[in-house]
């Protein structure tokens with residue numbers, strides 16, 4: 001498969017502080033790739049190395065066949081960027097923002113293209129609304145509309161659903177999936193594992209400027225294990241851990257303030273484990289859920305190996 | 001080139017829309033333009049006219065002659081006649097008068113009889129500048145009076161030869177210069193704020209990832225800010241022409257230098273916006289340096305009276321050259337040793353410098 005962006009042993013430093021350390025990564029064309037990590041992991045910095053807002057300290061980055069840094073305006077016209085803070089002109093309307101962007105990218109048939117994009121992102125009814133009066137979710141949608149207005153080969157989105165409500169979040173995800181289905185390569189940076197699961201074909205997990213692993217989101221979740229949270233008192237929790245440790249299919253069991261969390265290799269083990277627990281002691285309740293990002297990190301760090 | 005013009009025009013349009021969606025800002029710009037005219041007028045009025053009560057106890061013909069000489073003796077005198085001594089003293093204590101001049105009873109008779117007549121003077125010496133005006137003016141008036149009356153003891157008289165064929169009123173002189181000061185403040189601030197707000201709102205990052213250099217967008221914004229500045233200055237010029245009765249000798253040259261000033265000071269504002277990246281410091285800086293620059297630039301009085309050091313320093317400000325051109329255009333004065341052409345070239349140099357600084361710093365400041 002064609003490679004859109006290739007990082008080869010890339011470092012980025014500010015003074016003596018290392019922000020990104022020895023990153024090697026290939027981003028494939030036509031996929032949605034996620035940069036996953038907690039705040040300060042280096043996700044936004046990695047994005048800014050691709051979009052040209054920063055230059056790497058060492059190593060090699062190739063974007064659409066061109067080595068970075070590059071001052072080539074034609075290369076910049078092939079990428080679209082949606083910033084974390086949207087970077088929209090707040091005093092202008094949605095349409096005026098897009099019209100201005102169309103001029104920057106020298107688009108033809110401006111009105112038709114803007115209308116097409118507004119319809120795609122269901123923003124037609126907000127066309128003449130001044131941006132500062134839009135909700136956070138709508139502003140994100142306008143920023144996404146502006147990002148791919150010029151039909152870029154690569155769309156880079158920093159935190160696509162930061163600060164938006166659940167409904168808007170799902171709407172944005174579905175728009176991004178639609179763009180992917182039209183053959184675009186998309187890179188998203190996110191804090192949320194569920195977002196990566198909902199959107200990405202592949203994720204690169206970053207932690208403190210290092211690339212921990214690259215894998216499919218489902219693989220990462222299964223590796224961390226499906227989580228069974230059990231509410232019980234501390235004494236019962238200790239007893240359950242003793243019984244469950246070493247059982248086949250149990251990856252890990254941790255005490256929590258409300259009881260314990262048991263990580264299972266397979267969803268189907270849920271009933272079997274609950275039967276064992278209920279037969280051993282008293283519980284106040286339970287729930288089954290996917291692991292969160294912190295738990296994925298923990299599993300990656302504990303095993304300290306590379307995932308294919 | 002087509003893309004350059006398209007982006008320039010789109011940025012211009014976007015900024016115009018933005019500015020005209022803030023009618024309060026436009027109104028403030030106009031008020032600010034006119035405010036400078038009032039400000040420098042106050043300088044002129046307080047510096048040029050010392051309110052002085054004249055109490056004539058004599059009321060004779062020679063006393064009246066003497067008053068005429070007082071009125072003509074010094075531009076600083078603003079004689080007021082409706083005071084008695086008690087009221088005048090009260091007004092001096094309240095700071096409404098600078099001095100009281102009293103012509104004693106028997107003044108006309110004493111002069112006619114060739115006797116010395118003492119003129120009583122009370123001076124508020126809290127401000128030496130004002131009291132020295134009085135101290136200079138009075139002997140001058142007495143000398144003129146003596147010469148007119150044929151006093152034999154006066155054997156010296158001045159033979160005045162004017163440098164130019166017309167006198168220029170001090171307030172008019174300063175108001176004309178204030179028009180380019182207003183251009184600096186309005187255009188510099190509007191342009192600087194427009195550019196700095198690109199950094200503040202981070203929209204500059206969007207510009208930086210686009211195919212065209214952000215400087216093209218900035219210039220479009222400066223041109224839009226120029227339009228609003230020209231509207232503000234037009235109001236100020238109208239106030240100057242109608243309110244102050246200024247009649248420009250070369251109206252087209254006056255319009256030309258004001259337009260050039262608006263554009264060049266806009267570019268200077270752009271360079272400051274790129275350098276500082278924040279709107280409030282840009283506005284404060286321009287506002288803060290405008291008045292000292294104005295005074296440096298020979299706008300308070302012709303530059304050669306300010307001493308060589310200030311005059312040399314004035315050459316490093318664009319206002320100096322703009323003042324040189326506008327004083328020539330409106331009043332026919334040559335207040336700089338440099339010709340009008342050289343002054344225009346110096347302003348063009350400032351424009352190029354502002355463009356170069358902006359170009360050098362834009363990407364650097366975005367990357368930082």
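Quick one: in the stretch A:240-252, of everything that is out of contact with any helix residue (DSSP H, G or I) (no Cβ under 6 Å at 6 or more places or on another chain) and outside any loop (DSSP other than H, G, I, E, B), which residue is surrounded by the fewest Cβ atoms within 10 Å (Cβ to Cβ)?
A:242
Taking strands (runs of 3 or more DSSP E) that do not extend beyond the stretch A:1-57, which have at least 1 residues that are at pLDDT 90 or above, on the phi > 0 side of the Ramachandran plot and surrounded by fewer than 16 Cβ atoms within 10 Å (Cβ to Cβ)?
Values: elements: A:3-14, A:17-28, A:32-36.
Passing ranges, in order: A:3-14, A:17-28.
Against the condition part of a helix (DSSP H, G or I) and under 32 Å from the mean Cα position of the chain (by Cα), how does residue B:176 come out, does it pass?
For residue B:176, the condition - part of a helix (DSSP H, G or I) and under 32 Å from the mean Cα position of the chain (by Cα) - is met.
Which pairs turn up if I take residues in the stretch A:281-297 that are within 22 Å of residue A:265 (Cβ to Cβ) and look for partners that are part of a loop (DSSP other than H, G, I, E, B) with beta carbon separation below 6 Å, at least 6 apart in sequence or on another chain?
Filtered contacts from the stretch A:281-297: A:283/A:232.
Is it the case that residue B:195 is within 14 Å of chain A (Cβ to nearest Cβ), surrounded by 22 or more Cβ atoms within 10 Å (Cβ to Cβ) and in contact (Cβ under 8 Å) with a residue 40 or more places away in the chain?
Criteria met by residue B:195.
Among the residues of the stretch A:154-163, is any part of a helix (DSSP H, G or I), at pLDDT below 90 and either in contact with a strand residue (DSSP E or B) (Cβ under 6 Å, 6 or more places away or on another chain) or surrounded by fewer than 18 Cβ atoms within 10 Å (Cβ to Cβ) (or both)?
no
Select from the stretch A:97-116 the residues that are assigned to a helix (DSSP H, G or I) and either surrounded by fewer than 21 Cβ atoms within 10 Å (Cβ to Cβ) or not assigned by TED's automatic domain parsing to the domain that holds residue A:182 (or both) and list them in ascending order.
Result: A:99, A:110, A:111, A:112, A:113, A:115, A:116.
Mind listing just one residue for me: the one in the stretch B:11-60 that is more than 14 Å from every other protein chain (Cβ to nearest Cβ) and assigned to a loop (DSSP other than H, G, I, E, B) and, of those, nearest to the chain's Cα centre (by Cα)?
B:49
Considering only residues that are assigned to a loop (DSSP other than H, G, I, E, B) and in contact (Cβ under 8 Å) with a residue 60 or more places away in the chain, look in the stretch A:58-88 and name the one that is farthest from the other protein chains (Cβ to nearest Cβ).
A:64
Being assigned to a helix (DSSP H, G or I), more than 29 Å from the chain's Cα centre (by Cα), more than 14 Å from every other protein chain (Cβ to nearest Cβ) and surrounded by 13 or more Cβ atoms within 10 Å (Cβ to Cβ) is the requirement here; does residue B:63 meet it?
Values: assigned to a helix (DSSP H, G or I): yes; more than 29 Å from the chain's Cα centre (by Cα): yes; more than 14 Å from every other protein chain (Cβ to nearest Cβ): yes; surrounded by 13 or more Cβ atoms within 10 Å (Cβ to Cβ): yes.
Here the answer is yes, as residue B:63 does meet what is asked.
For residue B:343, state whether it is within 14 Å of chain A (Cβ to nearest Cβ) and either surrounded by 19 or more Cβ atoms within 10 Å (Cβ to Cβ) or in a helix (DSSP H, G or I) (or both).
Here the answer is no, as residue B:343 does not meet what is asked.
Assess whether residue A:139 counts as being farther than 30 Å from residue A:11 by Cβ, more than 9 Å from every other protein chain (Cβ to nearest Cβ) and in a loop (DSSP other than H, G, I, E, B).
Answer is no for this residue.
Would it be correct to say that residue A:104 is within 10 Å of another protein chain (Cβ to nearest Cβ), touching a strand residue (DSSP E or B) at 6+ places or on another chain (Cβ under 7 Å) and over 24 Å from residue A:169 (Cα atoms)?
no
The values are calculated or read from the model by the stated rules, or taken from the named source; none is laboratory data. It should be emphasised that the depicted structure is a prediction, and the values quoted were computed from it without experimental measurement. Positions of Cβ are generated from backbone atoms using ideal geometry, with glycine treated the same way; all protein chains shown enter the neighbour counts.
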